[in-house]
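Peer 1: Below: one structure in structure tokens.
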Amino acid sequence: MSTKKILSLALLGTLALAGCTDSSETTAGSAAPSANKKITVGFSVYDMQFEFFQKMAKGTQDAAAAKGWEVKLHDEKSDENEMVTGASALIDQGVDLLIISPFKPTALGPIIAKAKAKNVPVIVDDIGGGGAPYDAIVISDNAGGGKLAAEFMDKQIQANGSKSKNVASITCEPSATYAARRNAGFKAEIETRGYKVVAELSGNSKAEEGYKVMKDILSKNPDVAGVFACNDPMGVAAANAIKDAGKSPLTDIVTVGFNADPEALTAIKSDKLSATIAQDPTAMGALTVKLGEQALNKQPIEFSNAPEREVFNPVTLVDKTNVDSIN
């Protein structure tokens, strides 16, 4: 047999072997994973000492388990260095997907750059994205929650028979950009209902400052008919300031918080707070797994706010009528 024929047969054999190769056998992470491959999820969470993040972790783990996926959990413990080193370690361990609830969003850059270099999708859960090129970020519908608070407040002020159209708004710390949407949503809706926000002050997300701010509001605007606080520690503290001023945080000044923290639920049950807006961290965790699967499979993600790659999770108003149903 001629050398030319031998080379031709060898080439045909090589092509035949190539045609039999499984197309899913590509460079790790460079294409949609094989249906038979077990997915490993790295979840770096803000701080597991807080109930909010415990619920978020459970939602993430349960949703992943339902798909037969493994979850490697890393606790950042409210520490920037721990966040960066721990999340980077998850990537080094070869996770297929990284979900992160960042303690320091502005420090996400190196983490996401490392993940992208290894073709690992990144889904951010709450807190913020720091301007980094994540695949998607899940956040509560903060502006929608503020609107719910305004709708409730209007209804209750009318039920109380108050003639005042003056209300107040207590904001979180200036760096909490997503939380600021709560007060913006509240203000936009309450003003369309004919009210005036006579005071909009920051309590820096702290209960003690929320108390002081509410006392200041009362001294300058004694006829205020309602107050919305950006979080529950400030909301409960504002309600305490109202009580200490000899007024009711239900019938005199409708007081609404945000988060559905245990202290707020207890206050609502004992008529010491009008209402709060409940986030659902369990559902948020489950949603990140769903989005992560779409990213792994190269499927388009439907964003609530496409320019920022945001996906909103619904919120719920909680008052005396439904507080017992909140876990």
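The values are calculated or read from the model by the stated rules, or taken from the named source; none is laboratory data. Keep in mind that this is a model prediction, so the values were computed, not measured. As a convention, Cβ positions derive from the backbone with ideal geometry for all residues, glycine included, and neighbour counts pool all protein chains shown.
Peer 1: Please state which one of K272, K298 is of a type outside the set (D, E), at pLDDT 95 or above and surrounded by 15 or more Cβ atoms within 10 Å (Cβ to Cβ). Spell out how you get there, then give the answer.
Peer 2: On the way: K298 fails: surrounded by 15 or more Cβ atoms within 10 Å (Cβ to Cβ).
Step by step, each of K272, K298 is checked, and only K272 is of a type outside the set (D, E), at pLDDT 95 or above and surrounded by 15 or more Cβ atoms within 10 Å (Cβ to Cβ).
Peer 1: Further question: Condition test on P174, is it out of contact with any strand residue (DSSP E or B) (no Cβ under 9 Å at 6 or more places or on another chain), farther than 19 Å from D271 by Cα and assigned to a loop (DSSP other than H, G, I, E, B)?
Peer 2: Numbers: out of contact with any strand residue (DSSP E or B) (no Cβ under 9 Å at 6 or more places or on another chain): no; farther than 19 Å from D271 by Cα: yes; assigned to a loop (DSSP other than H, G, I, E, B): yes.
Considered against the rule, which asks whether it is out of contact with any strand residue (DSSP E or B) (no Cβ under 9 Å at 6 or more places or on another chain), farther than 19 Å from D271 by Cα and assigned to a loop (DSSP other than H, G, I, E, B), P174 comes out as no.
Peer 1: In contact with a helix residue (DSSP H, G or I) (Cβ under 8 Å, 6 or more places away or on another chain) and farther than 19 Å from A176 by Cα - does that describe any residue in the range 226-235? Talk me through it step by step, then tell me what you get.
Peer 2: Within the range 226-235, the subset in contact with a helix residue (DSSP H, G or I) (Cβ under 8 Å, 6 or more places away or on another chain) is 226-235.
Filter once more, so that each one left must be farther than 19 Å from A176 by Cα: 226-227.
Looking through the range 226-235, at least one residue is in contact with a helix residue (DSSP H, G or I) (Cβ under 8 Å, 6 or more places away or on another chain) and farther than 19 Å from A176 by Cα.
Peer 1: Another question, then. Please work out which one of (1) modelled with pLDDT of 95 or more; (2) out of contact with any helix residue (DSSP H, G or I) (no Cβ under 8 Å at 6 or more places or on another chain); (3) over 19 Å from G292 (Cβ atoms); (4) not aliphatic (A, V, I, L, M) is the condition C20 fails and give its number.
Peer 2: Single failed check for C20: (1).
Peer 1: Answer yes if at least one residue in the range 40-58 is over 27 Å from G185 (Cβ atoms), more than 18 Å from the chain's Cα centre (by Cα) and buried (at least 18 other Cβ atoms within 10 Å of the Cβ), and no otherwise.
Peer 2: Yes; the residues of the range 40-58 include at least one that is over 27 Å from G185 (Cβ atoms), more than 18 Å from the chain's Cα centre (by Cα) and buried (at least 18 other Cβ atoms within 10 Å of the Cβ).
Peer 1: Looking at the range 273-280, is at least one residue of a type in the set (G, A, S) and assigned to a helix (DSSP H, G or I)?
Peer 2: Narrowing the range 273-280 to residues of a type in the set (G, A, S): 274-275, 278.
Within this subset, residues satisfying the condition of being assigned to a helix (DSSP H, G or I) are none.
There is no residue in the range 273-280 that is of a type in the set (G, A, S) and assigned to a helix (DSSP H, G or I).
Peer 1: Scan K215, K163 and give me the residue that is assigned by TED's automatic domain parsing to the domain that holds D261 and under 20 Å from A239 (Cα atoms).
Peer 2: Working: K163 fails: under 20 Å from A239 (Cα atoms).
Answer to the selection: K215.
Peer 1: Just one of the numbered conditions (1) surrounded by 24 or more Cβ atoms within 10 Å (Cβ to Cβ); (2) modelled with pLDDT of 95 or more; (3) within 24 Å of the chain's Cα centre (by Cα); (4) not assigned by TED's automatic domain parsing to the domain that holds K72 is not true of G292; which one?
Peer 2: (4)
Peer 1: Inside the range 236-265, can you point out the residues that are within 17 Å of F50 (Cβ to Cβ) and part of a helix (DSSP H, G or I)? Break it down into steps so the answer makes sense when it comes.
Peer 2: Kept after step one, since they are within 17 Å of F50 (Cβ to Cβ), are these residues of the range 236-265: 236, 257-265.
Matches in the range 236-265: V236, P262, E263, A264, L265.
Peer 1: Follow-up. Working only within the range 310-327, note down all residues that are of a type outside the set (F, W, Y) and under 17 Å from A143 (Cβ atoms).
Peer 2: Kept after step one, since they are of a type outside the set (F, W, Y), are these residues of the range 310-327: 310-311, 313-327.
Correct list: E310, V311, N313, P314, V315, T316, L317.
Peer 1: Are any residues in the range 206-218 touching a strand residue (DSSP E or B) at 6+ places or on another chain (Cβ under 9 Å) and either surrounded by fewer than 21 Cβ atoms within 10 Å (Cβ to Cβ) or within 13 Å of A176 (Cβ to Cβ) (or both), and if so, which ones?
Peer 2: Hits for the range 206-218 are E209, D216.
Peer 1: For residues that are among the hydrophobic types (A, V, I, L, M, F, W, C) and in contact with a Pro (Cβ under 6 Å, 6 or more places away or on another chain), scanning just the range 231-269, find the one that is surrounded by the most Cβ atoms within 10 Å (Cβ to Cβ).
Peer 2: Of the residues in the range 231-269, the ones among the hydrophobic types (A, V, I, L, M, F, W, C) are 234, 236-239, 241-242, 245, 250, 253-254, 256, 258, 260, 264-265, 267-268.
After this cut, where a residue has to be in contact with a Pro (Cβ under 6 Å, 6 or more places away or on another chain) as well, the list is 239, 242.
Working: A239: 30, I242: 26.
Among residues in the range 231-269 that are among the hydrophobic types (A, V, I, L, M, F, W, C) and in contact with a Pro (Cβ under 6 Å, 6 or more places away or on another chain), the one surrounded by the most Cβ atoms within 10 Å (Cβ to Cβ) is A239.
Peer 1: Among the candidates N327, N305, N297, N313, which residue alone is closer than 25 Å to G131 by Cα and free of Cβ contacts under 8 Å to residues at least 40 places away in the same chain?
Peer 2: Values: N327 fails: closer than 25 Å to G131 by Cα; N297 fails: free of Cβ contacts under 8 Å to residues at least 40 places away in the same chain; N313 fails: free of Cβ contacts under 8 Å to residues at least 40 places away in the same chain.
None of the other options fit; the residue is N305.
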